[in-house]
Amino acid sequence: DSGVTQTPKHLITATGQRVTLRCSPRSGDLSVYWYQQSLDQGLQFLIQYYNGEERAKGNILERFSAQQFPDLHSELNLSSLELGDSALYFCASSVTGGEADTQYFGPGTRLTVL
Amino acid sequence: AQSVTQLDSQVPVFEEAPVELRCNYSSSVSVYLFWYVQYPNQGLQLLLKYLSGSTLVKGINGFEAEFNKSQTSFHLRKPSVHISDTAEYFCAVSDRLGYGGSQGNLIFGKGTKLSVKP
């Protein structure tokens, strides 16, 4: 158990819909990352927050957005869903968000878009 | 920009045999390197990381990796594997920017599925 929690574990929805994935970081960690894991693209970085502020952006679609709240939990919002958005979405957290940090991963949310 | 190549998508091996999982990276700046393991239906767990200093890095579960700057490699090894080592292994590099800035995110390879057979 990494100490990072993600809800829900599974999500099945239809094309065009909007969903919200939630992540609670390890106690004491200030930075949260979101990654997408799919069969064709592998593990891809989406976005990083540090203490409520966006720090880095990766290959995140405009239909996707995220935020980190004052209690440090984070939410990833996916809208106008397409079949290709079906993937495993991981949240990770680290203490400072620095490049040498160990990132602790949650168990993931499996999104299926039908 | 950095990139990571894991040359083998699948590695089958018998129990108690040694194993090497290969990882090569590309970077124009100095790198921080990581190996993560993903067991079925779980998140990723750090095995080991190289930041600086000794090029031989020891990690959890008996794994070790050697950083080779001239060959831009960071291969993962274990002298004797167990059935419980069956998992997918990911090599990753910190996304460092050429001008000296950095981002904290990781760039991952495609992964290597290690299958340990009795």
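Dipole orientation for the protein assembly as shown: of the candidates A:Gly97, B:Gly111, A:Pro25, B:Gly111 has the Cα lying most toward the positive pole (charges on Cβ; Lys, Arg +1; Asp, Glu -1). Averaged over the residues of A:94-100, the number of partner chain Cβ atoms lying within 10 Å of the residue Cβ comes to 5. For GluC sites (Glu not before Pro), the sites in the range B:1-35 that DSSP calls loop and that have at most 13 other Cβ atoms within 10 Å are B:Glu16.
Accessible area, 1.4 Å probe, largest first: how do A:His10, B:His82 sort?
On the way: A:His10 130, B:His82 90 Å².
If we order A:His10, B:His82 from most to least accessible, we get A:His10, B:His82.
Contact-buried residues of the range B:40-54, at a threshold of 30 Å² lost accessible area versus the chain by itself: B:Gly43, B:Leu44, B:Lys49 (1.4 Å probe; DNA, RNA and ligands ignored).
Treating the beta-carbon of each Lys and Arg as +1 and of each Asp and Glu as -1, no other charges, what is the dipole magnitude of chain B about its Cα centre, to the nearest 20 debye?
Working: 10 positive and 9 negative charges, 45 e Å.
Its charge dipole is roughly 220 debye.
Each residue of the range A:102-114 was assigned a 3J(HN,Hα) from its phi angle through the Karplus curve 6.51 cos²θ - 1.76 cosθ + 1.60 (θ = phi - 60°); the sequence is 7, 9, 9, 9, x, x, x, 10, 8, 9, 10, 10, 9 Hz, with glycine and proline shown as x. For the range B:76-93, 3J(HN,Hα) computed residue by residue from phi via the Karplus equation (6.51, -1.76, 1.60; θ = phi - 60°) reads 9, 9, 8, x, 8, 8, 10, 3, 5, 7, 4, 4, 9, 10, 10, 9, 8, 10 Hz, glycine and proline entered as x.
Note the buried accessible area between A and B here, summed over both chains, with a 1.4 Å probe, in Å² to the nearest 100.
On the way: alone 6160 and 6500 Å², together 11010 Å².
Using a 1.4 Å probe, the pair buries roughly 1600 Å².
From the phi angles alone, apply the Karplus equation (6.51, -1.76, 1.60; θ = phi - 60°) to the range A:42-49 and give each ³J(HN,Hα) in whole Hz, x where the residue is Gly or Pro. Computed from phi, the couplings for the range A:42-49 are x, 8, 10, 6, 9, 6, 10, 10 Hz. Of all lysines in the structure, the ones whose alpha carbon falls short of 29 Å from that of A:Lys57, not counting any fewer than 8 places away in one chain, are A:Lys9, B:Lys49, B:Lys69, B:Lys110, B:Lys113.
Taking all protein chains in place and a 1.4 Å probe, what share, in percent, of the accessible surface of the protein assembly as shown do carbon and sulfur account for? Carbon with sulfur: 49 percent of the solvent-accessible area.
Can you tell me the accessible area per residue over the protein assembly as shown, all protein chains present, probe 1.4 angstrom, in square angstrom?
Values: 11010 Å² over 232 residues.
That works out to 47 Å² per residue.
The values are calculated or read from the model by the stated rules, or taken from the named source; none is laboratory data. No experiment lies behind these values; they were computed from the predicted model shown. As a convention, Cβ positions derive from the backbone with ideal geometry for all residues, glycine included, and neighbour counts pool all protein chains shown. Just so you know, the surface numbers come from the protein's heavy atoms only, side chains and all, with ligands and any DNA or RNA stripped out. Shrake-Rupley method; radii C 1.70, N 1.55, O 1.52, S 1.80 Å.
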